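Have a look at the structure below, then the notes.
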Amino acid sequence: MANNTSIQQVTEPIYILSADVVSPQASFEQMLEAPLNYTGDQLSCVEPDYTQYVDAKLIRRMSRIIKMGVAAASEALAHANQSSPDAIITGTAYGCLADTDQFLTRLVEFKETLLSPTAFIQSTHNTVAAQIALLLKCHNYNNTYVHKGSSFEAALTDAISLLEEGDAQNVLVGAADEITEKSHAILKRFGLYKQYGESLQLTQSDSKGTMAGDGAAFFVVSNEPDNALAQLTGFANYYKSDKPAHILIEDFLRERGVALTDVDLVIAGNNGDIREDKHYDVLKQLIGADRLTTFKQYCGEYPTASAFALWMATHIVKKGSFNNKPVKQLLVYNNYLLNYPTLYLLKAC
């Protein structure tokens, strides 16, 4: 059933104090100047030296997604000068796939006997948020949302609610999803991915399928503007809306008293699948090619890729320009699998 009702309205100023990712791009600066190009059917994260964030003895017990989440969260907290946030909230669609795979494989191999509990314990979806809290010795509010293509948006909704209700002043919120060999093989059977693609040309593709991606993105959001990178002035998330993209965007901006001409840049969620990219075609006429860009050529397609888009948008607003043109107000529009339309409106502080 189509749902045209937004599940979140930002009623009080929400400030993004920091934004950090582990992604297929080494850094924001490199992404803009010399983005990494991937060929095939998926992109792979550029992973940091995890010993900077976690004791080497603990690392060997952590799966890849946990390490990515911990690294991104640690960077976000450090850049926001926060040692213990008032809340830790994450979103994930797939959870810890590698640990789940490992546990189920051993379950079969050992005929359900003599199983180590580690893989099972770390296979639950809330492992990333829990591990961050354990490392920080943070006993504050901790929650994880698992809502497919709106998992990050559900986490952000919770974070905004805590801030607006006065239950928190600084919240660490983020998302993490990983692709494994087996999960990729399963999803490929559904025709989600191309036989061969080139990531930097992804959004110019005219064939079916996209390229898989994964990563972790974390933010510290606050109701205090000190040292903020950007201000989140609008946020809306829908499920299976029957409205076309341009109507969703026009209604979203109108509700916030913002004219389309006041938006300096729109970041759209084109993923190179001709079946889905038709949904975004109208944006070129609505906004103009000079004010429109995309992001999935940098990170690939996955359920919580909108968190990467918000990271990218935050740093563009902080920088104040994109392609040598000033950016003071920016809109992100993503629609994962054409079932989860999401909009973010950011402006300079």
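The values are calculated or read from the model by the stated rules, or taken from the named source; none is laboratory data. This is a predicted model, so every value here is computed, not measured. Heads up, the Cβs are rebuilt from the backbone with ideal geometry, glycines too, and the neighbour counts pull from every protein chain shown. For accessibility, only protein heavy atoms count, side chains too; no ligands or nucleic acids. Shrake-Rupley method; radii C 1.70, N 1.55, O 1.52, S 1.80 Å.
Of note:
- Charge sum, other residues only, whose C-beta stays under 15 Å from residue 134's C-beta, Lys/Arg counted +1 and Asp/Glu -1: +3
- Within a Gaussian network of the chain (alpha carbon springs, distance under 10 Å), most fluctuating of 253, 43, 172: 253
- Per-residue extension of 0.36 nm, minus the Cα-Cα distance of residue 12 and residue 323, leaves a gain of 108.9 nm for this segment.
- Overall dimensions of the range 82-205, expressed as equivalent-ellipsoid semi-axes from the Cα gyration tensor (√(5λ), whole Å, largest first), are 30, 24, 11.
- With one equal scatterer per alpha carbon and no solvent term, the Debye-computed log10 I(q)/I(0) for the range 152-291 at 0.12, 0.18 1/Å reads -0.70, -1.29.
- Within the listed set 178, 47, 301, the Gaussian network model of the chain (springs between alpha-carbon atoms below 10 Å) gives the highest mean-square fluctuation for 47.
- Estimated translational diffusion coefficient (Stokes-Einstein, Kirkwood radius over Cα pairs, 4 °C, 1.567 mPa s) of the range 21-87: 96 µm² per second.
- The chain, accessible area per residue, ligands and nucleic acids excluded (1.4 Å, Å²): 44
- Exposure ranking of 145, 333 by accessible area [1.4 Å probe, largest first]: 145, 333
- Note on the range 129-179 and the range 251-327: Cα centroid distance 24 Å, given to the nearest whole angstrom.
- Over 29 Å between alpha carbons, listed pairs 67/284; 194/325; 111/182; 243/347: 67/284; 194/325
- Summed residue charge, Cβ within 12 Å of residue 104's Cβ, Lys/Arg positive, Asp/Glu negative: -2
- Residue of 299, 138, 96 that the Gaussian network model of the chain assigns the largest fluctuation, springs spanning Cα pairs under 10 Å: 138
- Sorted peptide list for 282-289, 208-215, criterion being average Cβ within 10 angstrom, highest first: 208-215, 282-289
- A cut-off under 11 angstrom between Cβ atoms defines the neighbours of residue 167, and their net charge, with Lys, Arg +1 and Asp, Glu -1, is -4.
- With θ taken as phi - 60° and the Karplus curve 6.51 cos²θ - 1.76 cosθ + 1.60 applied, the whole-hertz 3J(HN,Hα) list for the range 277-286 is 5, 4, 4, 8, 4, 5, 5, 5, 6, 6 Hz, x standing for glycine and proline.
- Calculated [θ] (222 nm, deg cm²/dmol) that DSSP helices of n ≥ 4 give over the chain, each run adding -39,500 (n - 2.57): -9000 deg cm²/dmol
- Magnitude of the charge dipole, the chain, Cβ model with Lys/Arg +1 and Asp/Glu -1, debye to 20: 540
- For the chain, the convex hull spanned by the alpha carbon atoms encloses 137 Å³ per residue.
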